[in-house]
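Please read the structure below before turning to the comments.
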Amino acid sequence: MARTIQSLERAAAMLRLLAGGERRLGLSDVASALGLAKGTAHGILRTLQQEGFVEQDPASGRYQLGAELLRLGNSYLDVHELRARALVWADDLARSSGESVYLGVLHQQGVLIIHHVFRPDDSRQVLEVGAMQPLHSTALGKVLSAYDPVAHSEATESDREAFTPHTVTGLADFESVLDLTRARGWASDVEETWAGVASVAAPIHDRRRMPVGAVGITGAVERVCEDGELRAQLVAAVRDCARAVSRDLGAGRF
């Protein structure tokens, strides 16, 4: 087996660390999380910063992912057929729902956000393209776990962390959630991942009728839900969007 380059492995680990969790981390946080000496961690972070892969907040001194990563990622995403086919439909969904729209695919043991349309208002929002979401608690993740056998294995064979008191962690209960998702054709997340936040998502299929991703909306519980239930019109809008993207991918009618 060919030898790996340790410094590159560590740099990759830092980028993954900054891509998840709190987004901004201090030098001590990075060093501790990766088991590195502060001097070693600082040297790698400075190199990544010089290349534009990492940025440092001048006020706090904490590190976050840099714009160069987004540029490189977009060069891949621009040729990603799923994202290309979903662009117009995702914009339409954001306008009709008034909420943020996310397009996600299975990546490693989570959901990789490959497209994000901001909620159409004047509120301050952060672009989440490239962010990872958990499979077992998010609406996007549940959809992938319900329809994609690989995602199902990842979600059922790994630890399911309880992010809130509403997170479903037991295997039997989680399988029941997936059964319900398949039966109704969409998944929900009402304060299972983030307090005060609700989501609904539906699957996207390709020309072979294989699940290739999921699209969903996310917003405050008081906007997305009514009397404790997801608003029917939002569920319908998400499902219509997923069907439209699937048709553009050659899946035909669902």
- [ ] Could you work out how far helix 67-77 tilts from the main Cα principal axis of the chain, as a 0 to 90 degree angle to the nearest 10?
- [x] 40
Task: Total charge dipole magnitude, the chain, about the Cα centre, Cβ charges on Lys, Arg, Asp, Glu only, Debye to nearest 20 - done: 720
Task: Per residue Cα convex hull volume in Å³ - calculated over region 169-254 - done: 101
Task: Cα-based Kirkwood hydrodynamic radius, region 42-160, one decimal, Å - done: 16.2
TODO: Determine the per residue accessible area of region 166-254 with all protein chains present and a 1.4 angstrom probe, expressed in square angstrom.
DONE: 47
Task: For the chain, convex hull of alpha carbons as volume per residue, Å³ - done: 159
TODO: Would you compute, from DSSP H runs of 4+ residues alone, the mean residue ellipticity of the chain at 222 nm, taking -39500 (n - 2.57) per run and dividing by the full residue count, rounded to the nearest 500?
DONE: -14000 deg cm²/dmol
Open item on the list: What is the percent carbon and sulfur in the accessible area of the chain, measuring with a 1.4 Å probe over the protein chains and ignoring ligands?
Closed with: 51
TODO: Quick one: compute the contact order of the chain, relative version, from alpha carbon pairs under 8 angstrom and 6+ residues apart, as a percent.
DONE: 14
TODO: Please work out the Kirkwood hydrodynamic radius for region 112-202, using every pair of different C-alpha atoms, and report it in angstroms with one decimal place.
DONE: 13.7
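The values are calculated or read from the model by the stated rules, or taken from the named source; none is laboratory data. Everything quoted here is computed from the prediction, not taken from an experiment. In this analysis, Cβ positions are derived from the backbone assuming ideal geometry, glycine residues included, and neighbour counts consider all displayed protein chains. Please note that ligands, DNA and RNA were not included when accessible areas were found on the heavy atoms of the full protein model with its side chains. Shrake-Rupley method; radii C 1.70, N 1.55, O 1.52, S 1.80 Å.
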